[in-house]
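One structure is given here, and the rest of the page talks about it.
The numbers here are math on the coordinates, done by the rules we state, and not lab data. These figures come from a predicted structure and were not determined experimentally. Note: ideal-geometry Cβ built from the backbone for every residue, glycine included; neighbour counts use all protein chains shown.
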């Protein structure tokens, strides 16, 4: 198995464009390519997965820990020709000052060579100084090459190459010029998700074309072949027969889900039922519902227009349907959603309104502590690590609302609390992941099964 990590000096350097184009080219050559994304991210993995024709997986040293990252890597790299990891932030950035959760740390733990993408706009000789610092800051990793991005022309490229070749030992693997076709439009949380972009495949084709035209892909493959071999992970237990129907909102408004969470639902004996909040007229017959994150504010008018579906979901919640909603899901379940001077009616299951802001309210890893009101928690005082990315806050929230979490780090709903508990609904700004000992999927399924048993007993008694 071959592998490499694509990183940069800082975010917004073009890593996703280069990584997606490279993955598309390798897959187009007939190779089996497994893409990975470092850190908590839903959007970049969608582009990488589309390019590879294979689900992208997340590697998160903070939420998973070293051992789980290693096993996740081994499990999903098994049997592939090449694995491509796209980093997040800069090469040496992370939550820990010592760098234990940085991209460099991930490269070291997985023994992967690093290829840097350098945003070269406005740079010349200084590019060599920057690359020299990145490569020597941590001598335990190997920076095997650099791709120059946003090069203004042949003269600019020549200056960059001359400086890098004179002052560093880092091979220049290619250069990509400014091209408006390559820019995946950015939104307040980052790139526009692939499930919203109707021209996603055309954009990926343009990225592939740019990589093929300007980058030595054969040299990159040779670098990837120097990665350490991966020991195969033991197979997991077979999934039990489906006994619960779990709805999952998957449409243009909601699509932020970790693949390993989806795997955990199936491993727990759940049949996943796709729910389209924009087109379905009524909620399907399900035992529980999971509404993940997304951009409901962008689709506010369409969500509001589907009043029949919203009414059916509200009725199901009032009748006791167990629902878990994260971020965008919380926003959808509120009474209303306001953004850019407009307000739309939402489901109305939660006694609160949602207001979008121009700047982020909560962004990054969070540390939550369960309260006694958590309907399917591990126990009061249990610490939960998760992450949040939201630009909205609650307004006119019922002061009598109960909350599943106290916030020790992060923004939550009001800086102190998160996880609204209302009937059998838990709605939170935090995004959990079934990793690092946080088996939230198993506990949610047990909660759903318990509520189903209660309903069945009541029906039998009647």
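Take 148-161, 445-458 and order them by the average number of nearby Cβ atoms within 10 Å per residue, most first; the result is 148-161, 445-458. Taking the centroid of alpha carbons for each part, segment 348-367 and segment 371-404 are 12 Å apart. Gain on full extension, evaluated as 0.36 nm per residue between residue 212 and residue 319 minus their Cα-Cα distance, stands at 32.9 nm.
Note on segment 1-35 and segment 70-142: Cα centroid distance 13 Å, given to the nearest whole angstrom.
Computed over the chain, relative contact order equals 13 percent, with contacts defined as Cα pairs under 8 Å that lie 6+ residues apart. Which FRET efficiency value, to the nearest 0.05, do you get for residue 179 and residue 301 by plugging their Cβ-Cβ distance into 1/(1 + (r/R0)^6) with R0 = 51 Å? Efficiency at R0 = 51 Å is approximately 0.95. Beta bridges from DSSP with both residues in the chain: antiparallel share about 40 percent, rounded to the nearest 5.
Between 0 and 90 degrees, the angle of helix 154-167 with respect to the longest Cα principal axis of the chain falls at about 80 degrees.
Which of rounded, prolate, oblate describes segment 1-139, given a ≥ b ≥ c as roots of the alpha-carbon gyration tensor eigenvalues and a/c under 1.5 marking rounded, otherwise prolate only if a/b is larger than b/c? Note, shape of segment 1-139 comes out oblate.
Just for segment 2-224, what percent of DSSP beta bridges are antiparallel, to the closest 5? For segment 2-224, the DSSP antiparallel bridge percentage is about 10.
When peptides 216-225, 422-431 are ranked by their average number of other Cβ atoms within 10 Å per residue, the highest-first order is 422-431, 216-225. Here the contact order of segment 244-461, divided by its residue count and restricted to Cα pairs under 8 Å and six or more residues apart, works out to 19 percent. Between the Cα long axis of helix 307-318 and the first principal axis of the chain there is an angle of about 70°, rounded to the nearest 10.
Taking a ≥ b ≥ c as the square roots of the eigenvalues of the alpha carbon gyration tensor, the chain is prolate, as a/c is not under 1.5 and a/b beats b/c. Peptide packing: for 99-111, 373-385, the average count of neighbouring Cβ atoms within 10 Å per residue gives the ranking 99-111, 373-385, highest mean first. Label-to-label distance, residue 395 versus residue 125, with points set 7 angstrom from Cα along the beta-carbon direction: 5.5 nm.
Overall, the anisotropy analysis places segment 72-119 in the oblate class: the square-rooted eigenvalues a ≥ b ≥ c of its C-alpha gyration tensor yield a/c not less than 1.5, with a/b not exceeding b/c.
Rounded to the nearest 0.05, the FRET efficiency derived from the C-beta distance between residue 402 and residue 31 at R0 = 35 Å is 0.10. Label zone (residue 155, point 7 Å along Cα-to-C-beta; backbone nitrogen cut-off 17 Å) within segment 107-147: 121-125. Looking at segment 244-461, the DSSP beta bridges with both ends there are about 60 percent antiparallel. Approximating the spin labels as points 7 Å out from Cα along Cα→Cβ, the residue 167-to-residue 67 distance works out to 4.5 nm.
Working from label points 7 Å from Cα in the Cα-to-Cβ sense, the residue 75 to residue 137 distance is 3.1 nm.
Given R₀ = 30 Å, what would the calculated FRET efficiency be for residue 271 paired with residue 225, taking r from the Cβ atoms and rounding to 0.05?
Details: r = 41 Å, r/R0 = 1.38.
With R0 = 30 Å, the Cβ-Cβ based efficiency is 0.15.
If a spin label sat at a point 7 angstrom from the Cα of residue 382 along the line to its beta carbon, the backbone N atoms of segment 399-440 nearer than 14 Å would be those of 404-406, 432-440.
On a 0 to 90 degree scale, rounded to 10, what angle separates helix 43-52 from the longest Cα axis of the chain? For helix 43-52, the angle is close to 60 degrees.
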